[in-house]
Amino acid sequence: MKAAPYDCDTRPYWCDDRLGTGRQNAYGHFVDEGGGYRITTPATPRPWLNYFANPRFGAVLAPDGGGFCWYKTPLMRITRYEHPIDYLPRQFVDGRDVLVTDLASSASAHPFRDGDARVCTHHPGHSVLTATVAGLHVHGTFFVPAALACEIWLVRVSNPGPRARRIRLEFAQTWSMARFGSHTAEAGIPYVSVPGQGMTTEVAGHAVAAAVSAPELPWHLHAVFASPGGVARVEPVPETRADGRRFVFHRCTVVQEVELEPGACRDFAVYAAATEDAAEAQRIRDASLEDARREYGELLASWQGLARRAHCTIPEKSAEYFLNYWLKNQLHLTFHFVRAGHWGYRDALQDAWGYAMLCPAEAADRLRFMLSGMFADGTAPRQLSKFEDGRHDLRRYMDSVVWAPRAVLGYLQETGDRGLLGETLPFLDRDRSTVLDHLRRGVDALWERRGAHGGCLTGDGDWNDALEGISRDGDAESYWLTMALYDALLTMQELYGFSGDPAAAGVMAQRADEIKRVVNASAWDGAWYRYGVTGRGQPIGSQENREGRIHLNAQSWAVLTGLADAERAALAIAAVDRHLESPVGPVLLAPPYVAEAKEIGRIARLEPGTFENGSVYQHAVTFYILALLRAGRHAEALDLFTRVLPTNPRNGDDRRTSEPYCTGNFYCGSGHPRFGQNFFTWFTGNAAWLLRIGFDELLGVRAGLEGLVIAPRVPAGWTEWRVEREYRGCCYELTFTRRADVQAMEIRVDGRRLEGAVIPPLTASRSVVDVRLPLAPPSEASQR
């Protein structure tokens, strides 16, 4: 039987066959104790990017200065880029142009594309590009400020030579000011509005300004491109597309001419902005070089604060670098801009759970917004529109609300803010109720919508949205979702206890007991847990299936929630080891779907070994790391944590092709011709989970409702490590050591012995904590 065409053919994204050697550190290395990544060989397998974000403005930068920026959503693009950003980016055509001309010789070059000694150093929140051109040193720092709706370039040109130089600098950027629609990987990303339509421009000295208003645009925007001290101009760039549509882009340029004496340097600032606020646009238009330097200093201070809020020094350096810097950098992006341009309901909740560790107040605001997007019956849309137009994706993926209790509990653990539970919020369709009642309605909706086998009905889908075909009329049952409901019920029990309602807590405990009974009676397949049952009653993820016989998520959640007893947990883990494991982590399911498409859905139209069809889906791998920790397999959990990171030496730069400082959506699975290649990065849910698992579970320094909980689950071979954690206004400096004179964990807080493992909230601004652990038996001490 001829296979159906794939929804996403990955062949255009395959790495060159010559790059399949898997070399590691071939193009750069970490610097600044992991806080930076320096690209010293520009010819990376594909553009190695950095993203900058604040709540309203985002930008992406390639090592040659290419990229684009957007306002409020990546679908509202200020500068030109016509492809999706959550798949493998193509080479950028436009971006940030810096042209240096020697006026004596008229020789011109773009230093970051054409110069010598090109180096790019990415950091959380900013990037630095350096190069030499025509005997001049050019240093560019690019960032998005903490609050302003713009990006800023700080450019320094130095003359190290023995003679004076007269030079001209041209800073340029091409405006699109266009709204894009949803995409498919094959068709690309369509324009919804017409570039140039409804746009008026003006030039005033050092700045180009524009006002943009068109029926298809969600906002009336004011744009600025400016460089203090320069002379600006703007040129229309008309294009006629193959379908006959006429676009008009606008090329903005600011020119500066200077003379540099021997050994001298000169600094320049460039502002590229778009905002709804005309007054803000005017302030940016009037901003100076000193203003740009101040914004940069404030940004660095902000990122230093994020880094120190949870920080570690541990033997495993790749994990340390990601926990201290790069997972936070990635989570900062996804928290503000989610995935495909809109507020994916489950995505935003999981990001808020992770971000509560870094910025609890912002996380709380996001939780209020998302819970206000629930329906009164306890279900939720698939996505909430970021265009503020009320045009939401109303499909009912039934896992959407199951993440809400975990996210709210994460915020309460950080802050102790009981008041949030009693706040009144609207529903999307009707009525108002408290935050706690929103959560209750969510778990009620799952509890009440269960099928003949006792499993939760999927509605339009669950976490694995590529299995949407299993449900004829919303009647398929997902045992994975039922396990997630069990986790949510236990969380609700804790929340009701915290709010002082023991009766409601008891109801949640009773329901959890029933779910545990149902899952172990209906989902157990003899050697592992089934994923679910189709609307026609056929098993999914069972030994009865030829394809998709075993699914990772069902095993992970049975173990991490405690649904599985010790015997079944061991069998489920053994099944993962036997059927799913690979050098870069376990695949999502096996064997991939190829022919059994009738009752499965679009997963069978995904290329085997990619996406949900048998790839190493990194979000799902994080669940399994947590399962291993909960099962007491600490060394295995750390090993998997490091294997799924892009620094895994068994999946080097040339094979992986993606950035070594950023996690991705998936690695191609074991049977794929490009096993280990990572097709798209940045926009994924695993950053929040890895950050939480790393600090809360592995290092075992977790915010609790009543205090800071100390419960390390590190390998037995670790003898000393340190964690710094901010918690309710106090910075705790924890040192962990294994000692021969200790029989059980001992904790000393500022020199005083603590009874138990929970440090109550302290009023001091800083506290020194000494955690002493017994030495591991010799048989375990080699586990590192």
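The values are calculated or read from the model by the stated rules, or taken from the named source; none is laboratory data. Predicted model, so just to flag it, every value in this text is computed and none were measured. When we count neighbours, we look across all protein chains shown, and the Cβ atoms used for this are built from the backbone with ideal geometry, even at glycine. For the accessible areas, the whole protein counts, side chains as well, though only heavy atoms, and no ligand, DNA or RNA atoms are used. Shrake-Rupley method; radii C 1.70, N 1.55, O 1.52, S 1.80 Å.
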**Asked** Carbon and sulfur atoms: what percent of the 1.4 Å accessible area of region 525-668 do they account for?
**Response** 46 percent
**Fill in**
Here region 350-367 yields Karplus 3J(HN,Hα) values (6.51, -1.76, 1.60; θ = phi - 60°; whole Hz; Gly and Pro given as x) of 5, 5, 5, 4, x, 6, 4, 5, 9, 9, x, 5, 5, 4, 4, 4, 5, 4
**In Å², nearest 10: area of R449 left accessible to a 1.4 Å probe** = 80 Å²
**Item:** Rounded, prolate or oblate (a/c below 1.5 giving rounded, otherwise prolate when a/b exceeds b/c) for region 253-348 by Cα gyration tensor
**Value:** oblate
**Message:** What whole-number distance in Å separates the alpha-carbon centres of region 567-625 and region 390-404?
**Reply:** 24 Å
**Request:** Calculate one ³J(HN,Hα) per residue across region 752-769 by plugging θ = phi - 60° into the Karplus curve 6.51 cos²θ - 1.76 cosθ + 1.60, and present them in order as whole Hz with x for glycine and proline.
**Result:** 9, 5, 9, 7, x, 10, 10, 8, x, x, 10, 8, 5, 7, 8, 9, 9, 10
**Request:** Let me have the relative contact order for region 95-252, percent, based on Cα pairs under 8 Å that are six or more residues apart.
**Result:** 16 percent
**For peptides 604-617, 116-129, 377-390, sequence by mean Cβ density within 10 Å, most packed first** = 604-617, 116-129, 377-390
**Item:** Folded to 0 to 90 degrees: helix 502-522 orientation relative to the chain principal axis, Cα
**Value:** 80 degrees
**region 230-362, accessible area per residue, ligands and nucleic acids excluded (1.4 Å, Å²)** = 37 Å²
**Request:** Take the alpha carbon atoms of region 81-134, find their center, do the same for region 258-319, and report the distance between the two centers in whole angstrom.
**Result:** 18 Å
**Message:** At R0 = 35 Å, how high is the FRET efficiency between E276 and L103 if r is their beta carbon distance? Nearest 0.05 is fine.
**Reply:** 0.30
**Complete:** Rounded to the nearest 10 degrees, the helix 479-499 long axis (Cα) sits at an angle to the longest Cα principal axis of the chain of 90 degrees
**Complete:** With Cα coordinates, the longest principal axis of the chain makes an angle with the long axis of helix 634-644, in degrees rounded to 10, of 30 degrees
**Request:** Find the eigenvalues of the gyration tensor of the Cα atoms of region 90-234, then list the square roots of 5 times those eigenvalues as equivalent ellipsoid semi-axes, largest first, in whole angstrom.
**Result:** 32, 19, 15
**Message:** Normalised radius of gyration for region 401-549, please: alpha carbon Rg relative to 2.2 N^0.38 Å, two decimal places.
**Reply:** 1.14
**Message:** How much length would be gained if the chain were fully extended between R294 and R517, taking 0.36 nm per residue of separation minus their Cα-Cα distance, in nm to one decimal?
**Reply:** 74.3 nm
**Request:** Name all residues of region 273-298 having a backbone nitrogen under 11 Å from the label point set 7 Å from the Cα of A211 along its Cα→Cβ direction, giving them as ranges.
**Result:** 278
**Prompt:** For the chain, how big is the tail of P(r) above 37 Å, as a whole percent of Cα pairs?
**Reply:** 44 percent
**Cα point-scatterer Debye curve for region 547-646, base-10 log of I(q)/I(0) at q = 0.17 Å⁻¹** = -0.71
